[in-house]
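Before any comments, here is the structure.
Bear in mind these aren't lab numbers, they're just calculated from the coordinates by the rules spelled out. What you are looking at is a predicted structure, and each value in this text was computed from that prediction instead of being measured. For neighbour counting, all protein chains shown are included, and Cβ atoms are generated from backbone atoms with ideal geometry for every residue, glycine included.
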Amino acid sequence: MSAPVLELRDVSRVHGSGDTAVHALRGVTLSVGARELVAVMGPSGSGKSTLLQLAGGLDAPTSGNVLVEGTDLAALSKRDLAAVRRRSVGYVFQDLNLIPALTAVENVMLPRELDGVRSRAARAEALTALEEVGVADLADRFPDEMSGGQQQRTAIARALVGPRRLVLADEPTGALDSQTGEAVLRLLRARCDAGSSGVLVTHEARHAAWADRVVFLRDGTMIDETGYATPVEALLGERR
């Protein structure tokens with residue numbers, strides 16, 4: 001078997017200290033291989049977004065280790081960590097984080113340019129990614145000239161552009177209608193089938209059904225993990 005693209009080894013994250021300490025994650029261990037899409041589910045405040053932030057190197061664990069393609073993120077300098085995020089990790093944020101002063105195509109091509117790809121090649125890659133999510137005709141629009149759903153698709157294109165090996169998606173269909181949301185999940189599934197790995201945070205069982213495995217969190221702890229021997233809907237029903 002090939003080495004996992006993403007590993008969390010006994011990872012905990014505590015915010016604050018003493019009586020006010022908040023345990024966002026408690027001893028979570030998770031491995032995601034190539035061509036695998038893992039859905040993360042759980043109630044609000046269960047640690048889902050914290051898990052993604054740690055997986056993408058946007059935050060550091062209080063204890064434990066996070067490895068991307070075998071590299072322990074804690075061992076990297078800030079510069080090398082930024083390079084890993086640009087080259088290996090695509091991230092779809094809940095709040096999108098598009099740069100207002102850049103057009104859609106400029107937002108998508110930015111990480112490729114920062115990684116040394118020439119402008120013409122980066123633009124071509126960005127246009128392809130925008131076409132994949134159905135907004136190539138909006139390439140020259142600024143974020144405030146697009147609807148929420150169009151901005152969301154632009155953010156997804158930015159996460160998928162280039163040879164990203166790990167795609168982290170935090171409720172990526174939140175601002176999309178059901179048909180467009182299904183198209184985005186199909187695209188994420190196809191990227192994983194082609195060799196990448198994906199972690200999808202979602203509240204929707206029908207969205208989790210695109211995944212190979214589902215991980216359930218509650219109060220920062222992994223309480224269950226399943227493939228599809230047991231339907232997701234049944235598991236959700238048991239926890240109500």
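Give the Cα extents of the chain along the principal axes, in whole Å, largest first.
48, 41, 41
Using Cβ contacts closer than 10 Å as the measure, can you line up Met146, Met109, Met41, Met222 from fewest to most?
On the way: Met146 18, Met109 29, Met41 25, Met222 21.
Neighbour counts put them in this order, fewest first: Met146, Met222, Met41, Met109.
Take every DSSP beta bridge with both residues inside the chain and express the antiparallel ones as a percent of the total, to the nearest 5.
If I count the DSSP bridges inside the chain, around 55 percent turn out antiparallel.
Between rounded, prolate and oblate, where does the stretch 1-77 land on the alpha carbon gyration tensor, with a ≥ b ≥ c its root eigenvalues, rounded for a/c under 1.5, else prolate if a/b exceeds b/c?
Numbers: a/c = 2.49, a/b = 1.47, b/c = 1.70.
Cα axes put the stretch 1-77 in the oblate bin.
Among Gln152, Gln94, Gln179, whose mean-square fluctuation peaks in a Gaussian network model of the chain (Cα, cutoff 10 Å)?
Residue with maximal mean-square fluctuation among Gln152, Gln94, Gln179: Gln179.
What shape does the stretch 126-210 have by the C-alpha gyration tensor, where a ≥ b ≥ c are the square roots of the eigenvalues, rounded means a/c under 1.5, and otherwise prolate means a/b greater than b/c and oblate the rest?
oblate
Are there any trypsin sites (Lys or Arg not before Pro) in the stretch 95-137 that are in a DSSP loop and have at most 11 other Cβ atoms within 10 Å? List them by number. Display every interim value, and only then the final one.
Numbers: sites: Arg112, Arg118, Arg120, Arg123; in loops: Arg118.
Sparse-neighbourhood loop trypsin sites (Lys or Arg not before Pro): Arg118.
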